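Engineer: One structure is given below, represented as structure tokens, and several questions about it will come after.
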Amino acid sequence: MCTDCRREYEDPRDRRYHAQPIACPVCGPSVILKQACTEKALSGGINEAARLIRRGKILAVKGLGGFHLVCDPKNASAVRRLRRLKERKTKPLALMARDVATVKKFAFVSPGERRELLSPSRPIVLLRKKKDIPGVAPNLDEIGFMLPYTPLHHLLLERLGLIVATSSNRKDAPIAKDESEGLSPLCDYVLMHNRPIETRADDSVIKVVDGRPLFLRRARGYVPHPQRVPASSKPTRRSSRSRGAQGHRFHLQERLRRD
């Protein structure tokens, strides 16, 4: 913290006393826009990032559990290029929308689905298509939407309204959580903040069935929370052979963990 922020943070008479989110233009979070290949910093910040996305460029945007690869979903050539870079021929891409009203332009939203979209966990929710966006979820009746869940997302969506937001990783690789993890082959520019990401976490994906969420991927926002089981649940009986196999796997896992 800078001198002014530390004085406020440590003064019991100040309204910002021990306020953990205290921040200012001097020592608070900052946004950096860079060219991906040269790492040259660009001026303009979020406004320039929004302009580049409108021009059809692909950006890596730093989030909460990693980077998203972002482009304009209404720019067919940008979507095709993103698919080519990600080696993702037909698998659907997720969309991030400014608000529920924007989502409703492209998909039907039930009360249960609206509740999940607006929940603090902010998962990707699979919704029935109302209007197709070519190339985003081809040959499917459903499309995945989420709402912004970090300040940087909110500021970017204020300017754009709707973006493709898919994880920044190559096929079968983990999501990138640091700008040094080979983002340049996947994007043109990187929009990042100066707060480190401690743990990689993909976006959770759910579908609402009979008014209740059905998880297709339980990740950011839901782990490592415990899972409830019925009170009447009892352990299953195992044969001596299966118990021996289970013990062998346990010792193997312990040895791998120690190594």
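Engineer: How big is D for region 18-112, in µm² s⁻¹ as a whole number, if Stokes-Einstein is applied with the Kirkwood radius of its Cα pairs at 20 °C and 1.002 mPa s?
Structural biologist: 133
Engineer: Rounded to whole Hz and in sequence order, give me ³J(HN,Hα) for region 85-101 from the Karplus expression 6.51 cos²θ - 1.76 cosθ + 1.60, θ = phi - 60°, writing x for Gly and Pro.
Structural biologist: 5, 7, 6, 10, 5, 10, 4, x, 9, 7, 10, 10, 10, 4, 7, 5, 4
Engineer: Identify the trypsin sites (Lys or Arg not before Pro) of region 127-157 meeting these criteria: DSSP loop state and at most 14 other C-beta atoms within 10 Å of the C-beta.
Structural biologist: For trypsin sites (Lys or Arg not before Pro) across region 127-157 that sit outside H, G, I, E and B with at most 14 neighbouring Cβ atoms in 10 Å, the list reads Lys130, Lys131.
Engineer: For a quick check: with amide H placed at 1.01 Å from N, whose amide H comes under 5 Å from Ser167's, ignoring anything fewer than 5 positions away on the same chain?
Structural biologist: Those qualifying (amide H under 5 Å, at least 5 residues apart or on another chain) are Leu69.
Engineer: State the cysteines of the chain left without a partner when partners are defined as other cysteines whose beta carbon lies under 4.7 Å away.
Structural biologist: When partners are defined as cysteine Cβ atoms under 4.7 Å apart, the chain leaves Cys5, Cys24, Cys37, Cys71, Cys187 without one.
Engineer: Between Rg and the Kirkwood Rh of region 101-244, both from Cα atoms, what is the Rg to Rh ratio? Walk me through the numbers before you get to the answer.
Structural biologist: On the way: Rg = 19.0 Å, Rh = 18.1 Å.
Here the Rg-to-Rh quotient is 1.05.
Engineer: Taking the C-alpha atoms of region 112-188, how large are the radius of gyration and the largest Cα-Cα span, Dmax, in Å?
Structural biologist: Rg, Dmax (Cα atoms, Å): 14.5, 39.
Engineer: Once the other residues with Cβ under 15 Å from the Cβ of Ala101 are scored (Lys, Arg +1; Asp, Glu -1), what is the net sum?
Structural biologist: +3
Engineer: Taking volume of the Cα convex hull per residue in Å³ as the quantity of interest, determine which of (i) 199; (ii) 127; (iii) 222 was computed from the displayed structure.
Structural biologist: (iii)
Engineer: Still on this model: Carbon-plus-sulfur fraction of the accessible area of region 167-213, 1.4 Å probe, in percent? List each step's numbers first, then the result.
Structural biologist: On the way: 1140 of 2570 Å².
That fraction is 45 percent.
Engineer: Between their Cα atoms, which of Lys62/Lys105; Lys62/Lys234; Lys34/Lys171; Lys171/Lys207; Lys40/Lys129 are more than 32 Å away from each other?
Structural biologist: Lys62/Lys234; Lys40/Lys129
Engineer: Sticking with this one: Rounded to whole Hz and in sequence order, give me ³J(HN,Hα) for region 107-115 from the Karplus expression 6.51 cos²θ - 1.76 cosθ + 1.60, θ = phi - 60°, writing x for Gly and Pro.
Structural biologist: 8, 7, 10, 7, x, x, 5, 4, 4
Engineer: Kindly give the semi-axes, whole Å and largest first, of the ellipsoid equivalent to region 54-181, taking each as the square root of 5 times a Cα gyration tensor eigenvalue.
Structural biologist: Listed largest to smallest, the semi-axes of region 54-181 are 21, 18, 14 Å.
Engineer: Rounded to the nearest 500, what is the 222 nm mean residue ellipticity of the chain from helices alone, with -39500 (n - 2.57) per DSSP H run of 4+ residues and division by all residues?
Structural biologist: It comes out at -8000 deg cm²/dmol, rounded to the nearest 500.
Engineer: Under a 1.4 Å probe, what is the accessible area of the chain per residue, stated in Å²?
Structural biologist: 62
Engineer: Continuing with this model, one more query. If Lys and Arg each add +1 and Asp and Glu each add -1, what is the summed charge of the other residues whose beta carbon sits under 15 Å from the beta carbon of Pro151?
Structural biologist: That works out to +4.
Engineer: Continuing with this model, one more query. How large is ³J(HN,Hα) for each residue in region 202-219, as worked out from phi by the Karplus curve 6.51 cos²θ - 1.76 cosθ + 1.60 (θ = phi - 60°), to whole Hz, x for Gly and Pro?
Structural biologist: For region 202-219, the Karplus-derived couplings read 6, 6, 6, 10, 9, 10, 8, 10, 6, x, 10, x, 10, 7, 9, 8, 9, 8 Hz, x marking Gly and Pro.
Engineer: Report, by chain and number, residues whose modeled amide H sits under 5 Å from the one on Cys27, excluding near sequence neighbours (fewer than 5 apart, same chain).
Structural biologist: Cys2
The values are calculated or read from the model by the stated rules, or taken from the named source; none is laboratory data. What you see is a predicted model; the values in this text were computed from it and never measured. Backbone-built Cβ (ideal geometry, glycine too); neighbour counts: all protein chains shown. Just the protein is used for accessible areas: all its heavy atoms, side chains included, with ligands, DNA and RNA removed. Shrake-Rupley method; radii C 1.70, N 1.55, O 1.52, S 1.80 Å.
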